[in-house]
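The values are calculated or read from the model by the stated rules, or taken from the named source; none is laboratory data. What you see is a predicted model; the values in this text were computed from it and never measured. With ideal geometry, Cβ positions are generated from the backbone for all residues, glycine too; neighbour counts draw on all protein chains shown.
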Amino acid sequence: MITTRKAAYCLLCMIVYIFYAATPLLAYPVRDYERTGIRRLEGFYLSLTTPSGQIVMVPGARLEPDQIKLHLKGRSFPLPAPDPEFSRQLRETLGGGNFGVALLDITDPNRPLYAAHGDQRTFVPSSVGKILVSLAMLQTLAEIYPRDIPAREKVLRDTIISADEFIISDEHEVPFWDEEKRQVYHRLIELGDRANLWTYLDWMMSASSNAAGSSVMKQILLLNHFRKSYPPSPAAEEAFFRDYPPQRLASMWTSIMRNTMLQNGFSPERLSQGSFFTRIGRQRVPSRGSTASPRELVRFLMLLEQGRLIDEFSSLEMKRLMYMTQKRARYAASPSLVGAAVYYKAGSQYRCGGAGECGQYFGNTQNLMNVAAIVEYPAQKPRLIYLVSVTSNVLRYDSSELHTQIAGLIQNMMERRIR
């Protein structure tokens, strides 16, 4: 049964933080800076310090790029039916609560085991939908350059984006690398900020920047339209958005997302990211229809591990984007996962109404928290590999802490299975 136990939990988190604060940064996928041009990777590797002090990375966050692998490559099995005993263990571990969970154990790739508790419960994915935006970008690139991976990488690495009104508005800061001061610092994306397309994808995923998310969605529209002539000149881009009214752009985006889902074996009615992430983005492209469920998100992760999200290159790139997080939060913040490699995306949405305390992660009429995650434990030589998605809507309770607790309970349950 999930209980608060806040004092004990906070003490454990503090002990974990103090222990690893004394641990220097040993390695980071700097070769992915050389391949991608994502500046923060160079910064984290070279600077070691930020204005707030030393960069600390838990052991599970230190894998090199070539250590990130697809564990089901070459396999094409469908998502198994829920195993009754495994599902019973999951329900008993979590107890009652207003949430849905899907859990796929792939430790033995020849015997995948699936547990479910309200796994077909649908919800608005919020920032979890950014993994679907990443997929749409990679799908569009694959359609334009089907047999030319270097050409896809060149577009991601060499296309420079200048932030425009699509970034308005956002509250998520992103990392910048100050080469002169040799420091990584964080701030909001501002009008005119220039970075390559891969960096905007990374900002969208690692920092969960809504500004970057809407900017990437805009670039997908342009890429889909201009094809091999992408990126367009400023004049051509201006003409494109002048000639196509908002409803036409919304129809274009819906078509792109629908095609992406269908091409990868999903029903757009069950898994889709319809809306842009910023106010101006939604005004310029008023598309709608975001939906997900724990079952479909775990199936997404399963296809990723099989190398079947588009192709092996795209699946592996998706996994790398999910791994390169600035810091571990919510589900991934569990002390039980310190030694694990965690590839994840989380999202939340809350609403306030009536009397009583209310705020972010603490809604009193709606308090959604969603996550999709791959866990490899321990990171270097995993003895345990599982895919998990959780959605919760527990009112007047810190949803961030709730997901941290759920992560610990599931991890402990999974460890008991291999003892």
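Structure data summary
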quantity: Criterion: in contact (Cβ under 8 Å) with a residue 60 or more places away in the chain, of a type in the set (A, V, I, L, M, F, W, C) and surrounded by fewer than 23 Cβ atoms within 10 Å (Cβ to Cβ) - qualifying residue of 167, 149; calculated: 149
quantity: Elements of type strands (runs of 3 or more DSSP E) contained in region 158-205, each with 1 or more residues being closer than 22 Å to residue 323 by Cβ; calculated: 174-178, 183-187, 194-196
quantity: Residue match in region 96-115 (condition: closer than 26 Å to residue 398 by Cβ and among the charged types (D, E, K, R)); calculated: no
quantity: Number of positions in region 172-210 that are among the hydroxyl-bearing types (Ser, Thr, Tyr) and in contact (Cβ under 8 Å) with a residue 60 or more places away in the chain; calculated: 4
quantity: Test: residue in region 215-229 that is more than 22 Å from residue 164 (Cα to Cα), buried (at least 16 other Cβ atoms within 10 Å of the Cβ) and either over 26 Å from the mean Cα position of the chain (by Cα) or in contact (Cβ under 8 Å) with a residue 40 or more places away in the chain (or both); calculated: no
quantity: Helices (runs of 4 or more DSSP H) enclosed by region 15-112 - at least 2 residues per element that are assigned by TED's automatic domain parsing to the domain that holds residue 408 and at pLDDT 80 or above; calculated: 84-94
quantity: Test result for residue 279, more than 29 Å from residue 348 (Cβ to Cβ), of a type outside the set (S, T, N, Q) and more than 17 Å from the chain's Cα centre (by Cα); calculated: no
quantity: Of all residues making up region 236-255, the number that are surrounded by fewer than 16 Cβ atoms within 10 Å (Cβ to Cβ) and in a loop (DSSP other than H, G, I, E, B); calculated: 1
quantity: Residue 129 being in contact with a His (Cβ under 7 Å, 6 or more places away or on another chain), on the phi < 0 side of the Ramachandran plot, in contact (Cβ under 8 Å) with a residue 12 or more places away in the chain and among the small types (Gly, Ala, Ser); calculated: no
quantity: Among (1) on the phi < 0 side of the Ramachandran plot; (2) among the charged types (D, E, K, R); (3) at pLDDT below 95, the one test that residue 319 misses; calculated: (3)
quantity: Residues located in region 321-334, provided they are within 28 Å of residue 116 (Cβ to Cβ) and either among the charged types (D, E, K, R) or within 15 Å of the chain's Cα centre (by Cα) (or both); calculated: 321, 322, 323, 325, 328, 329, 330, 331, 332, 333
quantity: Helices (runs of 4 or more DSSP H) completely within region 256-375 that count 1 or more residues being among the charged types (D, E, K, R) and surrounded by fewer than 21 Cβ atoms within 10 Å (Cβ to Cβ); calculated: 279-284, 312-323
quantity: Selection from region 379-401 of residues that are surrounded by fewer than 23 Cβ atoms within 10 Å (Cβ to Cβ), in contact (Cβ under 8 Å) with a residue 24 or more places away in the chain, of a type outside the set (Phe, Trp, Tyr) and not in a strand (DSSP E or B); calculated: 379, 380, 382, 383, 394, 395, 396, 398, 400, 401
quantity: Candidates 115, 81 - the one that is in contact (Cβ under 8 Å) with a residue 12 or more places away in the chain and crowded, with 18+ Cβ neighbours inside 10 Å; calculated: 115
quantity: Tally of residues being aromatic (Phe, Trp, Tyr) and in contact (Cβ under 8 Å) with a residue 60 or more places away in the chain across region 244-301; calculated: 3
quantity: Matching option when the condition is within 22 Å of residue 114 (Cβ to Cβ), in contact (Cβ under 8 Å) with a residue 24 or more places away in the chain and acidic (Asp, Glu), among 312, 357, 376, 317; calculated: 376
